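Below you'll find the structure, written out as structure tokens, and then a few comments.
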Amino acid sequence: QVQVVESGGGLVQPGGSLRLSCAASGSAIIFSTYSMAWYRQAPGKQRELVVSISSRGSTTYVESVKGRFTISRDNAKKTVYLQMNSLAPEDTAVYYCNTPRGSLKWGQGTQVTVSS
């Protein structure tokens, strides 16, 4: 089964940027057929799907991140990226990647903290 490892989080000031990476194991051909998504879970809140990208590259975003976040993928590297700009304190959360259905084993996530 495909497994994922998230990385790239950290502490950033409001208005700053981060790029998250999600590296998948297994076959690149199989990975290329998966739609993938980024989720986040803020303290005391449920995990929410933030953005997704289909196998063909079509993307969907929740309203709160539109214009600030960009998802992309490199199928040859079996990696999904999340470029986050204009970060705000409300973006503070642990960020995870998975399929839009959450069908893969969840990784440990990567912590993003936006604070001055």
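The values are calculated or read from the model by the stated rules, or taken from the named source; none is laboratory data. In this text the structure is predicted, and so the values were computed from the model without any measurement. Note that each Cβ is placed from the backbone with ideal geometry, even for glycine, and that neighbours are counted across all protein chains shown. The accessibility values were calculated without ligands, DNA or RNA, using every heavy atom of the protein model including side chains. Shrake-Rupley method; radii C 1.70, N 1.55, O 1.52, S 1.80 Å.
So which residues in region 1-52 are basic (Lys, Arg) and assigned to a loop (DSSP other than H, G, I, E, B), if there are any at all? Let's see the steps before the verdict.
Pass one, region 1-52, residues basic (Lys, Arg): 19, 40, 45, 47.
Selection gives 45, 47.
For region 49-90, which residues satisfy the criterion of being under 19 Å from residue 104 (Cα atoms) and open to solvent by 70 Å² or more (accessible area, probe 1.4 Å)?
77
For residue 49, which of the numbered conditions (1) aliphatic (A, V, I, L, M); (2) within 11 Å of the chain's Cα centre (by Cα); (3) farther than 22 Å from residue 1 by Cα fails to hold?
The number of the failed condition is (3).
Would you say residue 102 is of a type in the set (Gly, Ala, Ser) and in contact with a strand residue (DSSP E or B) (Cβ under 6 Å, 6 or more places away or on another chain)?
On the way: of a type in the set (Gly, Ala, Ser): yes; in contact with a strand residue (DSSP E or B) (Cβ under 6 Å, 6 or more places away or on another chain): no.
No; evaluated as a whole, the condition is false for this residue.
Quick check: is even one residue across region 106-116 at pLDDT 95 or above, within 14 Å of the chain's Cα centre (by Cα) and surrounded by fewer than 14 Cβ atoms within 10 Å (Cβ to Cβ)?
yes
If residue 15 meets every condition in (1) surrounded by fewer than 13 Cβ atoms within 10 Å (Cβ to Cβ); (2) in contact with a Phe, Trp or Tyr (Cβ under 6 Å, 6 or more places away or on another chain) apart from one, which number is that one?
With (1) surrounded by fewer than 13 Cβ atoms within 10 Å (Cβ to Cβ); (2) in contact with a Phe, Trp or Tyr (Cβ under 6 Å, 6 or more places away or on another chain) applied to residue 15, the lone miss is (2).
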